[in-house]
Amino acid sequence: MAIEIERKFLVDKRKLRGLKYLSEEKISQGYLSRHPTVRVRLTDERGYLTIKSSTRGISRQEFEYEIPIDDAKQLLAMCGRNVLKKYRRKISYGGHVWEIDFFAGKHAGLIVAEVELKSPNEPIKLPDWITKEVSKDSRYFNSNLVTSNEKPGPLQEV
């Protein structure tokens, strides 16, 4: 069984200037189900199908499988309006790889950073561009953002 342990944070965009990113990718992800979460993700190069359990604290079960790009496109089409678009940039900081998501569409301006951990109590060094932890705020779960027409909190311009 795979366990995802993840913390999420809002970001001060002004402090991101000049950072050296490890990578950047465009992501479209749609949701076929929210309980359990069944997500299809399409990047420029790959497709994925992911199943996630409910979150307990900052942990949940996660099963992710690479699928053919054409299958991912067809599954995304089945999601209708339940599709998020974002750009993900990765950065190494404090011994962890941080994923910074820049949302597009109706959530344009929202920037959320995530860091995966080996245990819920693993210490992390927070970069100075972090403003607020939102790990337990369900408004920032991608599966909830996709169905919400409201922006969940203070936004920075992308």
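Annotations
- Cα gyration tensor, segment 46-143 - rounded (a/c under 1.5), prolate or oblate: prolate
- Length gained on full extension, Leu126 to Arg14: 38.7 nm, using 0.36 nm per residue less the C-alpha separation.
- Largest first, the residues Phe9, Phe141 sort by 1.4 Å accessible area into Phe141, Phe9.
- Using a cutoff of 8 angstrom between alpha carbon atoms and counting only pairs six or more residues apart, the relative contact order for the chain works out to 31 percent.
- Whether segment 1-58 is rounded, prolate or oblate, judged on the alpha carbon gyration tensor where a/c under 1.5 counts as rounded: oblate
- The chain - charge dipole about Cα centre, Lys and Arg +1 at Cβ, Asp and Glu -1, debye rounded to 20: 480 debye
- Protein-only accessible surface order, largest first, of His107, His35 at 1.4 Å: His35, His107
- Cross-link pairs Lys26/Lys118; Lys73/Lys118; Lys20/Lys52; Lys13/Lys86 - those with Cα-Cα distance over 23 Å: Lys26/Lys118; Lys73/Lys118; Lys20/Lys52
- Lys/Arg +1, Asp/Glu -1 at C-beta; the chain dipole; positive extreme among Ser59, Ser148, Leu76: Ser148
- Nearest-10 value in Å² for the accessible area of Asp128, using the 1.4 Å probe: 100 Å²
- Sum of -39500 (n - 2.57) over DSSP H runs of 4+, divided by residues of the chain (222 nm, nearest 500): -2000 deg cm²/dmol
- Gaussian network model of the chain, Cα within-10 Å springs - most flexible of Asn144, Asn121, Asn82: Asn121
- Taking 0.36 nm per residue of sequence separation and removing the Cα-Cα distance, the Ser33/Lys90 pair yields an extension gain of 17.8 nm.
- Three-way shape call for segment 1-99 based on the alpha-carbon gyration tensor, with the a/c threshold at 1.5: oblate
- Accessible area of Tyr21 (1.4 Å probe, protein heavy atoms only, ligands and nucleic acids ignored): about 70 Å².
- Computed accessible area, Ile5, all protein chains, 1.4 angstrom probe, square angstrom: 20 Å²
- With respect to the chain, whose longest principal axis is taken over its alpha-carbon atoms, helix 69-78 is tilted by about 80°.
The values are calculated or read from the model by the stated rules, or taken from the named source; none is laboratory data. Just so it is clear, the structure is predicted and the values come from calculations on it, not from any experiment. Glycine gets a Cβ as well: all are built from the backbone with ideal geometry, and neighbour counts include every protein chain shown. Surface accessibility is based on the protein's heavy atoms, side chains included, excluding ligands, DNA and RNA. Shrake-Rupley method; radii C 1.70, N 1.55, O 1.52, S 1.80 Å.
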